[in-house]
1. Where Lys and Arg each count +1 and Asp and Glu each count -1, what net charge lies around Val174 among other residues with Cβ under 14 Å from its Cβ?
2. What are the trypsin sites (Lys or Arg not before Pro) within region 100-160 that DSSP puts in a loop, where the Cβ has at most 15 other Cβ atoms within 10 Å?
3. Summing Lys, Arg as +1 and Asp, Glu as -1, what charge do residues with Cβ under 12 Å from the Cβ of Ala96 carry, Ala96 excluded?
4. Okay, which of region 110-140 sit inside 19 Å, backbone N to the point 7 Å along the Cα-Cβ direction of Val90?
5. So, counting K/R as plus one and D/E as minus one, what does the shell of residues with Cβ under 15 Å around Gly150 add up to?
Amino acid sequence: MRSRLVYARVSGSGRGRLRAPLAALALCIGMLLLSPVAVRAADILTQPIAVPSPTAPVVVSDLYDPTRWEVRFGGFAHGVGSVEKGTWDVNGEIVAPKFFAPVGPWSVLIPRLHAGVNGNTGGRTSVVYAGFLWTVPITSRFFVEGFLDGALHDGSLGGTPDHVALGCKGQFHVGGSVGYRFDPRWSIMFTFDHLSNGSGIGLSNCGRNQGLNNYGARIGFTF
C-alpha cells in the first residue's frame with residue numbers, strides 16, 4: 001500500500017515537471033504565430049491618415065484653357081421669322097485669350113475679346129462685329145456662353161421687301177451658345193445670334209428696329 005502511494009506521488013510530480021516545459025513551448029509558438037499580426041497592426045497605426053483639406057483648390061479641367069487663341073467657323077439660318085428668312089450666313093470668328101484670369105469662381109466674370117463676320121449667301125444683310133465673350137464651363141466638356149458686341153451691317157435702314165429695317169448702321173450684337181468639347185483643341189457649339197439697334201429699350205434713337213435672329217452651329221479650334 002505504501003509503495004503505491006509513493007509511486008503516485010512520484011508520478012504526479014513527474015507530470016507536473018512535464019507540463020511546465022510544454023506550456024512554455026506552447027506560449028512561444030503562440031507568440032511566433034501572432035507576431036506578424038502585431039507587426040501589421042503597428043504598421044497601420046504608424047501610417048499617416050489622409051484627411052481632405054477644406055481649402056484644397058478645385059481641379060479645373062484642362063479641356064478649357066482661356067489663355068489660348070481660338071478660331072470658330074460655321075453657318076446660321078438667317079433672319080428667322082423675318083422677310084430675310086430662307087437664306088444662310090457663313091460665320092467666321094476669332095477669340096483672343098483672356099488678359100488675366102483670377103483663380104476661383106470669379107474667373108468666369110472676366111470676358112475674352114472676339115470678332116467675327118456673318119456673311120449672307122443670299123444677298124441679304126451681312127454683319128461684322130466685335131466685343132466681349134463670356135465662357136462658363138458647366139462640366140469638363142459642356143459649357144455655355146454669352147456675348148455682347150457692337151456691329152456694323154450692309155443692310156437696309158428703312159426696310160425693303162426682302163430686307164428688314166435696321167434703323168441705323170451701328171447695331172448691338174448679342175446672343176449665346178451651348179457647347180461641347182471633344183478634347184483640348186476641338187469643340188462644337190449651337191448658337192443664337194441677335195442683331196438690334198436697342199431703340200426698343202431706349203439704348204438708341206434709330207427709330208426702326210426690326211432686328212435679325214439667326215440660329216446655327218459652329219466648330220471651334222483652340223491653338
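Bear in mind that the values in this text are calculations on the coordinates, not laboratory data. These figures come from a predicted structure and were not determined experimentally. Glycine also receives a Cβ, built like all others from the backbone with ideal geometry; neighbour counts cover every protein chain displayed.
1. Values: positive: none; negative: Glu145, Asp149, Asp193.
Result for the local shell: -3.
2. Values: sites: Arg112, Arg124, Arg141; in loops: Arg124, Arg141.
Qualifying residues, ordered by number: Arg141.
3. +1
4. Label zone hits: 115-129.
5. Values: positive: Lys169; negative: Glu93, Asp149, Asp193.
It works out to a net charge of -2.
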